[in-house]
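Below is one structure, written out as structure tokens; comments come after it.
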Amino acid sequence: MAEAHGMGHAVKRKEDARFIRGKGTYIDDLKLPGMLYLDIVRSPYAHARITAIRTEKALAMPGVLAVITGRDLDKYGLAWMPTLMSDRQMVLPIDTVLYQAQEVAAVLATERYLAADGAAAVEVDYEPLPVVVDPKKALRSDAPVLRADREQKTNHIWHWEVGDRTATAQAFAQADVTVAQDLYIPRIHVSSIETCGCVAQWDAVEGKLTLWMTTQAPHAIRTVVALVAGHLGLAEHKIRVISPDIGGGFGGKVPVYPGYVLAVAASVLTGKPVKWIEDRMENIQADSFARDYHITAELAAKRDGTLTALRFKTIADHGAFDAAANPSKFPAGLFSICTGSYDFRSAFVEVDGVYTNKPPGGIAYRCSFRVTEASYTIERMVDIMAHQLGMDPAEFRLRNFIRPEAFPYKSALGWTYDSGNYHAALKKAMEMVGYAALRKEQVEKRRSGELMGIGISSFTEIVGAGPSHTFDILGLKMFDSAEIRVHPTGKAVARFGTKSQGQGHETTYAQIIAHELGIPEDDIVVEEGDTDTAPYGLGTYASRSTPVAAAAGAVAARKIRDKAKKIAAHLLEASEQDLEWERGKFFVRGSPQRAKTIQEIAFAAYTNHPQGLEAGLEAVAYYDPPNLTFPFGSYICVADIDKGTGEVKIRRFVAVDDCGNIINPMIVEGQIHGGLTMGLAPALYEEITYDEDGNIRGGSFMDYLLPTSMETPRWETAKTVTPSPHHPLGAKGVGESATVGAPAAIANAVIDALWHLGVRHIDIPITPWKVWRTLREHGVSE
Amino acid sequence: MIPASFEYFSPRTVPEAVNLLVRYGQEAKLLAGGHSLVPLMKLRLAAPRYVVDLNRIDGLSYIREADGFLRLGALTRHAEIETSELMRGRYPLLADAARVISDPLVRNMGTIGGSLAHADPAGDWGAAMLAAGAEIVATGPGGTRTIPVEEFFEGTFVTALRPDEILTEIRLPQAGRGQGGAYLKLERKVGDFAIAAVGVALALDGDGACRRVGIGLCNVGSTSLRAEKAARLLTGQKPDDATVARAAAAAAAECDPASDLRGPAEYKRDVVRVLTARAVRLAAQRARGGA
Amino acid sequence: MGTRISVTVNGTVREADVEPRLLLVHFIREILGMTGTHIGCDTTNCGACTVLLDGRAVKSCTIFAVQADGRAVMTVEGLARDGQLHPLQEAFHQQHGLQCGFCTPGMMMAAYAFLQRTPNPTEEQIRWGISGNLCRCTGYVNIVAAIKDAAEKLRASPARAGGRG
């Protein structure tokens, strides 16, 4: 007899069954009768006028049915589309391309290989234009204006600021000690192993569009498609978006890419299903990037090491269109969490968004809406300040952490942190890693000229977007939803507005329902991703599923339990007030043998429901979170540096995470392992840069270096548990914490190893040659 | 991602394959492991009209010692060399090199002959064979000939092979007493080409002096390189710290790396210096019977 | 312009007329309709396409289908036998060695071949053995645990070793 495990159990995943057999259904697995293939012609230039597109050769090739250009789309008002940040983006250019690899034309053919041949045969003439890849240069008055379509002829997109500029300036003026550092966080790319794609199927008879798509937010897509293509006859009740199995999202599958729109247009044109699936190089070179923040950071402190003020100024390179999928009031995402785990009296942050000749995007890499940038900056700066003052970085943090009694804590930049205990997490990490002994070892190693460093990152995350008073994307409020229906035989189906791309919702959401109702997880089917059946939700990204959708699941389950109580009272001929709940059943207080299981109640809901109550046993909940949640943690990295080659070798990495109450510890640990690896990657390996002509460097897996099992350390994980006081389950979410916290721990370890040589900072990725150059500049070699 | 079309041949013998090369000349490409050729074809950087698959020719894959030589068939996979007990025991330079080529899956297909014939300066076998002092056996319409490896690499992706010749065997002097070797590669991550790599083969005489030294350098020039001056500095000398340092500095001066995403030229030069010293020490240790 | 090939896939002979340029991974996915083998890149780096060719783990995106003529291919669909999961599949499930599942078939096939050569591996050896397979979700820790677990299961019950390949 199956068991209801509930919260806190390492229930093995239900979704594994199909994946381990190779029976998942990812977009490229779909094959519909008569399906056509779309391939895209892309610009080799970063900025150019298109003077001609010749399609005759392509159209003459076997199997090629059509070549779509910007002028074709323009006839239908589809050459441009809105971005999720209320900017607009070209689907296909009419006359100007703005970044290398930008989509220029689309080829439609009967077979995949023929579409590729067709794309290779399209001829495009370009007239190169001056390229701007440096956002600081883009802000100069002599820079070419990239967005002729905008009213304001400038490459400056927006200015955003928060905090108290004057009070902060005063605090800096009065400070005993200040530190300042320029930090550049380069562009990186999420590179989930599955690339992006879709199958669009237009049914001309029904006037219905079915769109299978790699999307983390199917409902939002449906609404956007209805708004954008409404004038072509696409209406929201006749659009079905299906997000099947997704091979990793991490934010890269939130934006709407031109390929999706082209596939839809092609299907409407031909009446046939159309598949678009991109190659890896297309994915890296054109799809949503992350980071690209130029930061000038300053901290102020008293002589005794008490932090007093923070001031960060950032230039945000957004590429050619502002297509970051941030909540609308937050063009720099949740960057203002950058006061981190520390009690700052005053703070001021300003960010300026800038256009350059690069692909659009900004927040696709498990970054929690720019929290990676914020956390990296504060943790680097805290380490610089501690080292500057000659204080141990752990002691410095313990001194400045927000105290446990101070929660809920209102930060100088306006966030109310729900709960936290930073001291406990750091102390646990220090104990796990053997901090005191390591510092002793470091002293000895320094004497013999060996380079060893210990880096700490004590981050505070901010997830669960978000309360409707503050958060929306394109006006859509960021609630989420759950709909649960219990069948007569006591089994249940539950649908949610989120969409797992590996986070295990089919299991964790079932655990929540099991927890609340006592129905075994094996008796619950969890579905997501089909807009025809799932209740409206904003999707899964920025670690919001547990804080928002899981909460909706708990609330819906509790509604069901409330109704179940009425039915139980009816069956037991008792009054509701006399009933007690023990997971899975109601019983009469004092007479426990007089009980009804949830299964019996479910059956009765259809066969013997009380008069005055509707039959059935189901509920829907749309959950508007009262606040965000604030997971946190302390990571400690121990690194040894090879003086000859500059290689950074991570000897140990200890991660203590606190995500409140845990639904499934096995899944949480897996999320942390993965997140740490996506923190390691930008710290040491991954970056995308452009030369002066806007040519990408690092545009394939040959040079864009995802860590293998050999580069990845054996992560050591542990937890503390500080529940969220406002979440129905006390849970906070954890999906991105490790990606947020890890880079600074690694960077801090390297700088800690080199500080005594006079080194203050090295920008990530900290590659061997950067370390080598730093060592040689400071007179160290093998 | 999708290659252009081509005509495919799968000869059963070497003469058959040679005849195809004679017939189609530069329009034909040989397919051995395919893990250099096929990626280029998928990016359409190579689009040969004819592809001649060598994999159905028997008798081109072997590792054996015979007549005073170690003989390796051209179609021997990197993985076979990596796991060969003979290699690990008696030819550590080659075992080391095999181990660090790309990744384990690529090593199951890639061949030593294909790699050498491709002549990518980033190819590990080129540097290793230069250090080992190997000979390349080529088979053409007129029969076979032997090319010393020092004469084999003529330019980037250019070898001394004629368009109608197939590299069929690599051979080097059989290992003897007091010999050691090592191949050290610095890469950005497993699977990448070298930032720089150094192969060293040496023998020590009874006094502990270096008797025969070969040093090969990978990915620090327009071809695989021999560090001849460095090797001469070690020959006849005991590999003490000062001598090793001089040789390592010489090797660094003999290479000509390009600045690229793997690092600036001066970095790569210094990596050659560091790796040469480490490889010489390791080779010497093995020659003495350790490691 | 078809070339007739005959490939034994998971123990069954499959025949088709193919273009020489058809990649083995597309033969498997599109012609045979076996979509368990995945494509994750275009530069032979990621290993999502890993299958066994005559018992060796290879990247099927970098091999032409014509090269597999007369040879034996084993894919993830060939791991289970008569509905019984292979110890690797069980271990990946029990050790939470997968999240999105996209790299998993290739990872298991690489592990399958690796364990045949190295039946009692250390953690270090396992990491080396799968260094041609990228995963973005798991951070490899549980994948390594799964392979170690499978190795123990296989040593305990050698009869469960062979799939259909």
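Things to note:
- Given (1) surrounded by fewer than 22 Cβ atoms within 10 Å (Cβ to Cβ); (2) part of a helix (DSSP H, G or I), index of the condition A:Gly414 fails: (2)
- Residue list for region A:306-332, restricted to those being at pLDDT 95 or above, open to solvent by less than 10 Å² (accessible area, probe 1.4 Å) and within 28 Å of A:Gln100 (Cα to Cα): A:Thr314, A:Ala316, A:Asp317, A:His318, A:Gly319, A:Ala320, A:Phe321, A:Asp322, A:Ala332
- Applying the criterion of at least 1 residues that are over 19 Å from A:Ile68 (Cα atoms) and away from every other protein chain (no Cβ under 14 Å) to the strands (runs of 3 or more DSSP E) found wholly in region A:217-333 leaves A:239-242, A:293-301, A:307-317.
- Verdict on C:Thr44 being assigned to a loop (DSSP other than H, G, I, E, B), within 13 Å of the chain's Cα centre (by Cα) and outside the structural domain of C:Thr138 (by TED's automatic domain parsing): no
- Entry remark, region B:77-101: residues being assigned to a loop (DSSP other than H, G, I, E, B) and either over 15 Å from the mean Cα position of the chain (by Cα) or surrounded by fewer than 24 Cβ atoms within 10 Å (Cβ to Cβ) (or both) number 1 in total.
- Matching residues in region C:60-97 - criterion: being more than 8 Å from chain A (Cβ to nearest Cβ), aliphatic (A, V, I, L, M), under 30 Å from B:Pro39 (Cβ atoms) and part of a helix (DSSP H, G or I): C:Ala65, C:Val66, C:Ala68, C:Leu88
- Set side by side, the residues B:Arg262, B:Arg246 differ, and just one is closer than 20 Å to B:Ala122 by Cβ and not hydrophobic (A, V, I, L, M, F, W, C), which is B:Arg262.
- Among (1) of a type in the set (Gly, Ala, Ser); (2) at pLDDT below 95; (3) under 30 Å from A:Ala552 (Cα atoms) - the single one A:Ala738 does not satisfy: (2)
- Boolean, B:Ala131 is within 14 Å of another protein chain (Cβ to nearest Cβ) and in contact (Cβ under 8 Å) with a residue 40 or more places away in the chain: no
- Number of positions in region A:647-665 that are open to solvent by 20 Å² or more (accessible area, probe 1.4 Å) and either of a type in the set (D, E, K, R) or over 22 Å from A:Ile454 (Cα atoms) (or both): 7
- Residues in region A:371-425 that are among the basic types (Lys, Arg) and under 26 Å from the mean Cα position of the chain (by Cα) were compared, and the one that is nearest to A:Ile295 (Cα to Cα) is A:Arg380.
- All conditions in (1) farther than 24 Å from A:Gly537 by Cβ; (2) under 23 Å from the mean Cα position of the chain (by Cα); (3) surrounded by 24 or more Cβ atoms within 10 Å (Cβ to Cβ) hold for A:Ala217, with the sole exception of (1).
- When we screen A:Ile193, A:Ile221, A:Ile188 for residues that are touching a residue at least 24 places away in the same chain (Cβ under 8 Å), in contact with a helix residue (DSSP H, G or I) (Cβ under 7 Å, 6 or more places away or on another chain) and closer than 23 Å to A:Gly251 by Cα, the only hit is A:Ile188.
- Filter result (more than 14 Å from chain B (Cβ to nearest Cβ) and open to solvent by 30 Å² or more (accessible area, probe 1.4 Å)) within region C:127-148: C:Ala145, C:Lys148
Here's the yes/no breakdown for (1) away from every other protein chain (no Cβ under 14 Å); (2) under 38 Å from the mean Cα position of the chain (by Cα):
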{"site": "A:Ser575", "(1), (2)": "yes, no"}
{"site": "A:Val588", "(1), (2)": "yes, no"}
{"site": "A:Glu618", "(1), (2)": "yes, yes"}
{"site": "A:Ser634", "(1), (2)": "yes, yes"}
{"site": "A:Ala655", "(1), (2)": "no, yes"}
{"site": "A:Pro665", "(1), (2)": "no, yes"}
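- Odd one out for B:Ala66, checked against (1) open to solvent by less than 40 Å² (accessible area, probe 1.4 Å); (2) in contact with a strand residue (DSSP E or B) (Cβ under 7 Å, 6 or more places away or on another chain); (3) more than 14 Å from chain C (Cβ to nearest Cβ): (2)
- Test result for C:Gly33, open to solvent by 10 Å² or more (accessible area, probe 1.4 Å), within 11 Å of another protein chain (Cβ to nearest Cβ) and without any contact (Cβ under 8 Å) to a residue 24 or more places away in the chain: yes
- The residues of region A:697-723 that are in contact (Cβ under 8 Å) with a residue 12 or more places away in the chain, aliphatic (A, V, I, L, M) and either open to solvent by 50 Å² or more (accessible area, probe 1.4 Å) or within 11 Å of another protein chain (Cβ to nearest Cβ) (or both), listed by number, are A:Leu705, A:Leu706, A:Val721.
- Taking residues in region A:471-494 that are under 14 Å from A:Tyr536 (Cβ atoms), and partners anywhere that are among the hydrophobic types (A, V, I, L, M, F, W, C) and part of a strand (DSSP E or B), the pairs with Cβ atoms closer than 6 Å and at least 6 places apart or on different chains are A:Ala482/A:Phe496; A:Ala482/A:Ala621; A:Glu483/A:Val620.
- All positions within region A:102-115 that are within 14 Å of chain B (Cβ to nearest Cβ) and either among the hydrophobic types (A, V, I, L, M, F, W, C) or on the phi > 0 side of the Ramachandran plot (or both): A:Val107, A:Ala109, A:Leu114, A:Ala115
- Options A:Gly675, A:Gly644, A:Gly694, A:Gly612: the member that is on the phi > 0 side of the Ramachandran plot and open to solvent by less than 10 Å² (accessible area, probe 1.4 Å): A:Gly694
- Lone qualifier among B:Ala242, B:Ala231 - being without any contact (Cβ under 8 Å) to a residue 24 or more places away in the chain and buried (at least 24 other Cβ atoms within 10 Å of the Cβ): B:Ala231
The values are calculated or read from the model by the stated rules, or taken from the named source; none is laboratory data. Everything quoted here is computed from the prediction, not taken from an experiment. Positions of Cβ are generated from backbone atoms using ideal geometry, with glycine treated the same way; all protein chains shown enter the neighbour counts. All accessible areas refer to the heavy atoms of the entire protein, side chains included, with ligands and DNA or RNA removed. Shrake-Rupley method; radii C 1.70, N 1.55, O 1.52, S 1.80 Å.
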